[in-house]
Amino acid sequence: MNSLTNLLTIIAGTQQQLLKNDPRLFFMLLGAGLLTGVLLWLICTVLGHLFFKPYRMSRGQHVVCALLTGLLIWIMPLYASTHYLQTSLTGIIGQWRDTLTASDAWRDRQFRVQYHQIKRQGLEDFSNYKAPENGGEIIPANHAETRVLIGQMTAEAAIENFRFNYPLMAVFIGAKTTVPTQAINEDVNRFFKENPGMNYPHARSIQLAVELIYRQLDPQLPRIIWAVRIALIGVGLLAYLGIFGWIIFSALKQIRIFSAHHSKFSSI
């Protein structure tokens, strides 16, 4: 279900960008899709005659041709709107980042996980730090290893959240759940140097995860755009090959029926 939602979200985003930036082209492509669909519909009505002159398309075949015309009306602007795929994906990632940063439930859940994992490490003294179940709100982080681990756990949990909520985008981008330790280490050291005595904030770890996703997105973008365009062309071709094959098969079937009846009456 999430994958379908992802797909619809991406499609809606690119279509909106095309409509916003070039409305004239958008409506021209809608018209081109309609004209192309009607032309192919007419070709379908003639196609059967090439194999069997009296052939007439069935009601079901006309319905399919109408649906395929609608498909072309949708595909034409969508193909052009893939130009705005990066803008659409960037907007979706930014919205996810802001939602996750503002989520108290997610932050509390991560705090509980990190508290107990850091405690199991045995590096820190938890004597004066209550568990989150008892109202505790602070994790001791006096060792560099603890600070890096807290940052890395949060960033990796953020990417895991992204993969769960946007599985299709995660596949496109190739988002990995492992955040480079060096990136976390540098950011953690920078934060504590500028803010001694404070807790490393979840928002910074989430932003690190977002930056990693962006870095993975950029080199993949040309491949993603071409994959989407080829998929759109493939869907259109397969759909029309299907209706053409159906019409040809029906026409040939009527030839066999006509030939059988003609032979029967000739023998009489």
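The values are calculated or read from the model by the stated rules, or taken from the named source; none is laboratory data. Since the model is a prediction, treat every value here as computed from it, not as a measurement. Virtual Cβ from ideal backbone geometry, glycine too; neighbours counted across all protein chains shown.
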Would you check which residues across the stretch 201-260 are outside the structural domain of TYR166 (by TED's automatic domain parsing), polar (S, T, N, Q) and touching a residue at least 60 places away in the same chain (Cβ under 8 Å) and list them? SER250, GLN254
Of all residues being buried (at least 22 other Cβ atoms within 10 Å of the Cβ) and of a type in the set (A, V, I, L, M) in the stretch 144-156, which is farthest from ARG204 (Cα to Cα)? Just the residue, please. ILE150
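Residue by residue, here is whether (1) at positive phi; (2) in contact with a Ser or Thr (Cβ under 8 Å, 6 or more places away or on another chain); (3) in a loop (DSSP other than H, G, I, E, B) holds:
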{"site": "ARG109", "(1), (2), (3)": "no, no, no"}
{"site": "VAL113", "(1), (2), (3)": "no, no, no"}
{"site": "GLN117", "(1), (2), (3)": "no, no, no"}
{"site": "GLY136", "(1), (2), (3)": "no, no, yes"}
{"site": "VAL148", "(1), (2), (3)": "no, yes, no"}
{"site": "THR154", "(1), (2), (3)": "no, yes, no"}
Output yes when any residue across the stretch 10-33 is loosely packed, with under 15 Cβ neighbours inside 10 Å, more than 34 Å from the chain's Cα centre (by Cα) and either in the same structural domain as MET169 (by TED's automatic domain parsing) or farther than 16 Å from TYR79 by Cβ (or both), and no when none is. no
Check on PHE172, surrounded by 13 or more Cβ atoms within 10 Å (Cβ to Cβ), part of a helix (DSSP H, G or I) and assigned by TED's automatic domain parsing to the domain that holds VAL210: yes
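Within the stretch 68-80, identify whether any single residue is closer than 25 Å to ARG190 by Cα and loosely packed, with under 14 Cβ neighbours inside 10 Å, and answer yes or no.
Residues of the stretch 68-80 that are closer than 25 Å to ARG190 by Cα, as a first pass: none.
No: the stretch 68-80 contains no residue that is closer than 25 Å to ARG190 by Cα and loosely packed, with under 14 Cβ neighbours inside 10 Å.
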For HIS143, work out the one condition from (1) at pLDDT below 80; (2) more than 21 Å from the chain's Cα centre (by Cα) it doesn't fulfil. (1)
Does the stretch 93-117 hold any residues that are farther than 30 Å from LYS130 by Cα and either crowded, with 17+ Cβ neighbours inside 10 Å or in contact with an Asp or Glu (Cβ under 9 Å, 6 or more places away or on another chain) (or both), and which are they? ILE93, TRP96
Give the stretch 119-133 a look and list any residue that's of a type in the set (Asp, Glu) and outside any helix (DSSP H, G or I), or say none. GLU124, ASP125
